[in-house]
Structure formats: structure tokens, C-alpha cells
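Working notes for the structure below.
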Amino acid sequence: MARKAGKVIITTIATLGSHCSLQVLKGAKDEGFRTLLISEKKRLGLYKRFGFIDEIIEVDSFSEILGEKCQQRLKKVNAILIPHGTLISQMKSSDIEKIDTPIFGNKWILRWEADRELKEKLMREAGLRTPRAVRSKDDISSLCIVKLHGAAGGRGYYLAWNRESFEEGARQLIEQKAIRGENDLYIQEFIRGVPVYLQYFYSPVTGSLELLGIDRRYESDIDGLGRIPAKEQLSTDVEPSYNVIGNLPLVLRESLLDEVYKMGESFVRAAEHLVPPGMPGPFCLEGVYDSEGRFTTFEFSARIVAGTNLYLDGSPYSGLLYDEPMSMGRRIAREVKIANKKGKLGKVVT
Ligand code: AMP
């Protein structure tokens, strides 16, 4: 990292070409940073279209980020790496922890996002209402959702209501080579209601939590099943899937917002306690509101989520906090800028 008047400073914001990279680098450019994208060769055509990307490092696979060439270049341009879902889904936690380049946020908490047991532990510590985890297929007594480990964007998830339906789903995933065996699956109580994704940003520099947006996912084909009338659904073998295709904007009833802030604050405190230095930067609580307006958190993401791509020009919530368009990507860059200026990079980088 460069030194200016005795202080370490970041001059380039870098990320992997996927997920929310356009938003992140656009926000970085708007805040006056140089921008760098690590892109797979097959995606170069897309990313070369955008003038706000100053430099592209071409790779055959994202794992090359661990290699000398990438690390040297990132170091030379005083870069910080913004982690997102693609980094988590394509690299092992132990490899992410080995990356030399400073990572925005807490790289140690990414392991807690990828591991179901740790994930549950952190959500419980935060006092969040969570779905019951079903430890054995013999304990399935009501509708359950069966999940794969890691950030798979809902791919491979299926519903089970007894041992047989669990085994049938597992058999299909094994056949597709999506899993090695039933032990790769995680069973959770299915919560009835509407899914909601709460997008937060916590600044350890100012000590404040911001709600910057809310979305819901648009998943195939669960969100398309309503287009098939009941008669046809019953006469064909319809099995829903939860593959994320995009995101839709959402605003909540204002009476729910106070609890939204309290849940976010509890999560930040729990992260500080269990995984120092805690939860600097963007994170998302993901869950379902039931018919009583109660929120059950089924997941969290300990980094920027792709649903923030909706709000490149700000959201109904960021507009309450900022008098300028504030995307999550831009908010990250703003935090780096403030930390640079105050000599507090140590608080936002691991
Ligand atoms: P995820 O990748 O874990 O965020 O989940 C993908 C999708 O699965 C969500 O958007 C929900 O539609 C659904 N989902 C996940 N967990 C649950 C749950 N416990 N109850 C109901 N729906 C769930």
C-alpha cells in the first residue's frame, strides 16, 4: 500500500468480473478511485463496454487471483479487493484467507457465511428468529427446504416433507454430480410467507448502521409456478427450483423498519463478539415475513449482495440518508475514502 504523510492509502478499487462488479466499480469511479477488474477471458467482451473500468487483468479462472502475477499487480496499484458472492462460491474459505491484497470488510467472517453450522451459530448469537434446523432425515415431520452448502444462488434446493421425498431429491442431485452424498445437504424448516432481503452497511469509522435497500429475488421456477393453472400443476410432475435469475425492488411497511434496524444492530454486535473485527461494510439478512409480520432469518451474506444492483442511483432508503445517489458500491468506496483520509483503514480492511 502507498504511504502519504505517514499514512497507508488505497488508490485502486478492484473486484472479480461477475455478480455486482459493474456497480462496485462505477461507485468507485464516482468516488474518484482508479478501478481494476479481474475478468475471465470469456467475459472480456462484456466488461470492455464500460468506460469506468480503468484496467482489466485477464485470467482463465478466478483462482489465479492467488498467483504471483495478480498479487503483484494489485500491490503495485495500491488496490483493495471488494469480495462478493462469486469469490465465495468459487474459492475455498482457506484460499480467500490467504489472499495478500487487503480485502474490504472482514475476510474471516466469509468462512461463517459459507459454513452452515457457523452460520446458524452467528444468527443465534444475534438473537434472530431462525428456522429450525433438521439434523436427520428421520426427523423431517413438516415441510422442509433442503439446501446445498455455500453461496449457490438457490441452485439445487428442493422441498421435502418426509424421509422418502428427501432421499428422492438427494438421489437426483447425486446423479447430477451436484453433491457427493446426503451429508452434503442441510435440511431446514420451510417458513411460509414472503421472502425479503435486507441490505445493510455498517461503518466502524462512524459506528453507525445504514439500511441502504431492500429487495426480493426472482427465482426460477418457483416464481413462475403461479403461471401454470392448478389443474395443469396437478396433472404434471411439477418440482419447484430456486435458481436466482434476478432481483425485484421492495419497500416495507414503515412500521416494520424499527425492527429491521434492531436486527441489523444485533447482528453487528454478535459478529464483533464471535468473529473479530466484526461486520464492517455491507451485509444482508435474508428471510421470510409471515402473515403476522414476523421476520425469520434463514441466511445472511457477510458482504455485498447482488440485489444491491437494483439501486445504482440510490434506493428509497439510501435517499433518506444521502442527498446524492448512493449505491452500495459507492458507499463502499466512500468508506474507503473516509478511512484513507482519517488513517483508519485498519478498521475497514482485513
Ligand atoms: P438462499 O439461497 O438460502 O437465500 O435461498 C434461496 C431461496 O430459497 C430464497 O429466496 C427463498 O425463496 C427460499 N428459502 C430459503 N430458505 C427458506 C426457508 N427456510 N423457508 C422458506 N423459503 C426458504
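The values are calculated or read from the model by the stated rules, or taken from the named source; none is laboratory data. This one's a predicted model, so the numbers in the text were calculated from it and none came from an experiment. Cβ coordinates were reconstructed from backbone atoms using ideal geometry, including for glycine residues, and neighbour counts include every protein chain displayed. With ligands, DNA and RNA removed, areas are computed over all heavy atoms of the protein, side chains included. Shrake-Rupley method; radii C 1.70, N 1.55, O 1.52, S 1.80 Å.
Worth pointing out:
Yes/no matrix, rows are residues, columns are (1) within 30 Å of ILE9 (Cα to Cα); (2) of a type outside the set (A, V, I, L, M); (3) over 14 Å from the mean Cα position of the chain (by Cα):
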{"site": "THR296", "(1), (2), (3)": "no, yes, yes"}
{"site": "GLY307", "(1), (2), (3)": "yes, yes, no"}
{"site": "LEU312", "(1), (2), (3)": "yes, no, yes"}
{"site": "LYS341", "(1), (2), (3)": "yes, yes, yes"}
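- Within the range 120-155, if we keep just the residues that are basic (Lys, Arg) and more than 10 Å from the ligand (Cβ to nearest atom), the residue that is modelled with the lowest pLDDT turns out to be ARG135.
- Residue within the range 87-98 that is at pLDDT below 95 and over 19 Å from the mean Cα position of the chain (by Cα) present: yes
- ASP215 surrounded by 17 or more Cβ atoms within 10 Å (Cβ to Cβ) and in contact (Cβ under 8 Å) with a residue 40 or more places away in the chain: yes
- Odd one out for ARG216 among (1) in a strand (DSSP E or B); (2) among the basic types (Lys, Arg); (3) away from the ligand (no atom under 16 Å from the Cβ): (3)
- Per-region count, the range 90-99, residues farther than 12 Å from THR350 by Cβ and among the acidic types (Asp, Glu): 1
- Selected residue (criterion: surrounded by the most Cβ atoms within 10 Å (Cβ to Cβ)) from residues of the range 157-166 that are touching a residue at least 40 places away in the same chain (Cβ under 8 Å) and in a strand (DSSP E or B): TYR158
- Hits in the range 172-203 (condition: away from the ligand (no atom under 16 Å from the Cβ) and over 19 Å from the mean Cα position of the chain (by Cα)): GLN172, ILE174, GLU175, GLN176, LYS177, ARG180, GLY181, GLU182, ASN183
- Close contacts from the range 69-89, counting a first residue that is in contact (Cβ under 8 Å) with a residue 24 or more places away in the chain and a second that is part of a loop (DSSP other than H, G, I, E, B) and acidic (Asp, Glu), with Cβ to Cβ under 7 Å and a gap of 6+ residues or different chains, come to GLN71/ASP100.
- The set of residues from the range 292-350 being farther than 25 Å from LEU128 by Cβ and hydroxyl-bearing (Ser, Thr, Tyr) comprises TYR322, SER327.
- Verdict on GLY207 being within 21 Å of SER89 (Cβ to Cβ), without any contact (Cβ under 8 Å) to a residue 60 or more places away in the chain and more than 10 Å from the ligand (Cβ to nearest atom): no
- Scanning the range 167-190 for residues that are β-branched (Val, Ile, Thr) and open to solvent by 30 Å² or more (accessible area, probe 1.4 Å) gives a single hit, ILE174.
- ARG34 vs. criteria surrounded by 16 or more Cβ atoms within 10 Å (Cβ to Cβ), without any contact (Cβ under 8 Å) to a residue 60 or more places away in the chain and of a type in the set (D, E, K, R): yes
- Qualifying residue in the range 219-227 (condition: in contact with a strand residue (DSSP E or B) (Cβ under 8 Å, 6 or more places away or on another chain), within 12 Å of the ligand (Cβ to nearest atom), closer than 17 Å to SER301 by Cβ and open to solvent by less than 50 Å² (accessible area, probe 1.4 Å)): yes
- Residue in the range 236-246 that is open to solvent by less than 40 Å² (accessible area, probe 1.4 Å) and within 10 Å of the ligand (Cβ to nearest atom) present: yes
- Number of positions in the range 115-156 that are basic (Lys, Arg) and touching a residue at least 60 places away in the same chain (Cβ under 8 Å): 5
- Test set (1) outside any helix (DSSP H, G or I); (2) open to solvent by less than 10 Å² (accessible area, probe 1.4 Å) - ALA339 fails condition number: (1)
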